[in-house]
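Colleague: The following block contains the structure, expressed as structure tokens.
We did not get these values from a lab; they are worked out from the coordinates using the rules stated. These figures come from a predicted structure and were not determined experimentally. Every residue, glycine among them, receives a Cβ derived from its backbone with ideal geometry; neighbour counts consider all protein chains shown.
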Amino acid sequence: MKVVLASKNKHKLEEISKITRQFDMELVLQSELGVDLDVEENGSTFEENSFIKAEAVMKATGLPALADDSGIAVDALNGEPGIYSARYGFDESLDDWGRLELLLKNMEHVPDDQRQAKFVCVITMVTPDGQTIQARGEIHGMLTREPAGENGFGYDPIFYYPPMGMTTAQMPSEEKNKVSHRANALKVFYEKLKEAGYADK
């Protein structure tokens, strides 16, 4: 099944494709189909924003569209940055690294035993025939005080995952793809795909 990924992020395409190709889903970026949409993510939850993006790209392409809305939620900051992870600080001059540094700065006075955080991912697929399939996945860990690791992207270098004793940026991609919030969401998503008849049982 050919599905359009509602994203311009090649990292995201690469990470999701490694998992979705296991269930015969061919993902293409919206840009590969000549679609250049900047969808306004005006929802108040990961679920709402994921649906908004998927629906907009499905309507623009006429193909099933899959959107991923994800971010990091920090307990000591009342769940921030949350849905604003990619826009944290609301400063357009900040890149991924700048937002990571801002988060570390905002956490500098928080004790080591109070630095709990989670990555959240919500995957939504919207089809031209009106079907919506949605799944959520999480991974729980702690924020480090210094970045570590060269893999991954976004906040991966400061997200420490206790069961593996390293940050998600230090994990080999094949290991990360077994335990990440995105992997966990995709596992649930696959089960829902099967229930809806879009994947072999």
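Colleague: Grab the Cα-Cα distance for L77 and E150, subtract it from 0.36 nm times how many residues apart they are, and report the gain in nm with one decimal.
Modeller: Gain on extension, L77 to E150, equals 23.7 nm.
Colleague: On to the next question. In region 71-166, which GluC sites (Glu not before Pro) fall in coil by DSSP and have 14 or fewer other Cβ atoms within 10 Å?
Modeller: Loop-located and lightly packed - E92, E108, E150.
Colleague: Mean Kyte-Doolittle of at least 1.0 and a Cα length of 20 Å or more along the axis: which whole DSSP H helices of the chain meet both?
Modeller: none
Colleague: Something else: Once phi is turned into ³J(HN,Hα) by the Karplus curve 6.51 cos²θ - 1.76 cosθ + 1.60 with θ = phi - 60°, what whole-Hz value does each residue of region 28-42 show in order, with x for glycine and proline?
Modeller: Values per residue, Gly and Pro as x: 10, 5, 4, 5, 5, 9, x, 9, 10, 9, 10, 7, 6, 8, 9 Hz.
Colleague: Using the Kirkwood radius over C-alpha pairs as Rh, can you work out the diffusion coefficient of region 2-195 via Stokes-Einstein at 25 °C, viscosity 0.890 mPa s, in µm² per second? Intermediate values should be presented prior to the final figure.
Modeller: Values: Rh = 17.1 Å.
D, rounded to a whole number, is 144 µm²/s.
Colleague: Turning to a different aspect of this structure: Modelled label-to-label distance, D129 and K187, 7 Å Cα→beta-carbon offset: nm?
Modeller: It works out to 2.9 nm between the two label points.
Colleague: Moving on. With +1 on each Lys and Arg Cβ and -1 on each Asp and Glu Cβ, and nothing else charged, work out how big the dipole of region 1-149 is about its Cα centre, in Debye to the nearest 20.
Modeller: Details: 15 positive and 27 negative charges, 68 e Å.
It works out to roughly 320 debye.
Colleague: Return a whole-number percent for the relative contact order of the chain, with Cα pairs under 8 Å and 6 or more residues apart as the contact set.
Modeller: 18 percent.
Colleague: Also: For M125, M25, what ranking results if the residue with the fewest other Cβ atoms within 10 Å of its Cβ goes first?
Modeller: M25, M125
Colleague: About the Cα centre, and with charges only on the beta carbon of Lys, Arg (+1) and Asp, Glu (-1), how big is the dipole of region 70-201? Nearest 20 debye, please.
Modeller: Working: 14 positive and 20 negative charges, 97 e Å.
Roughly 460 debye, rounded to the nearest 20.
Colleague: What FRET efficiency do you get for A196 and E92 if R0 is 41 Å and r is their Cβ-Cβ distance, rounded to the nearest 0.05?
Modeller: 0.55
Colleague: With θ set to phi - 60° and the Karplus curve 6.51 cos²θ - 1.76 cosθ + 1.60, what are the ³J(HN,Hα) couplings of region 68-82 in order, to the nearest whole Hz, using x for Gly and Pro?
Modeller: Result, rounded to whole Hz: 10, 10, 9, x, 10, 10, 10, 4, 5, 10, 6, x, 6, x, x.
Colleague: What are the ³J(HN,Hα) couplings of region 128-140, residue after residue, when phi is run through the Karplus curve with 6.51, -1.76, 1.60 and θ = phi - 60°? Round to Hz, x for glycine and proline.
Modeller: Working through the residues one at a time gives x, 8, x, 7, 10, 10, 9, 8, 10, x, 9, 9, 10 Hz.
Colleague: I would also like to ask the following. How much space per residue, in cubic angstrom, does the convex hull of the C-alpha atoms of region 30-141 take up?
Modeller: That works out to 109 Å³ per residue.
Colleague: What does the charge count around Q114 come to, taking other residues whose C-beta lies under 15 Å from its C-beta (Lys +1, Arg +1, Asp -1, Glu -1)?
Modeller: Residues near Q114 contribute -2 overall.
Colleague: Sticking with this one: I'd like to know which of S31, I52, I133 lies farthest towards the positive end of the charge dipole of the chain, counting +1 on Cβ of Lys and Arg and -1 on Cβ of Asp and Glu.
Modeller: Checking the options against the dipole of the chain, the answer is I133.
Colleague: Please report, in Å, the Rg and the Dmax of region 1-87, where both are computed over Cα atoms only.
Modeller: Final numbers for Rg and Dmax: 13.7, 43 Å.
Colleague: Now a separate question. Mean-square fluctuation check for the chain, GNM, Cα pairs under 10 Å: which of F23, F51, F119 is largest?
Modeller: Maximum fluctuation in the GNM of the chain, among the listed residues, is at F23.
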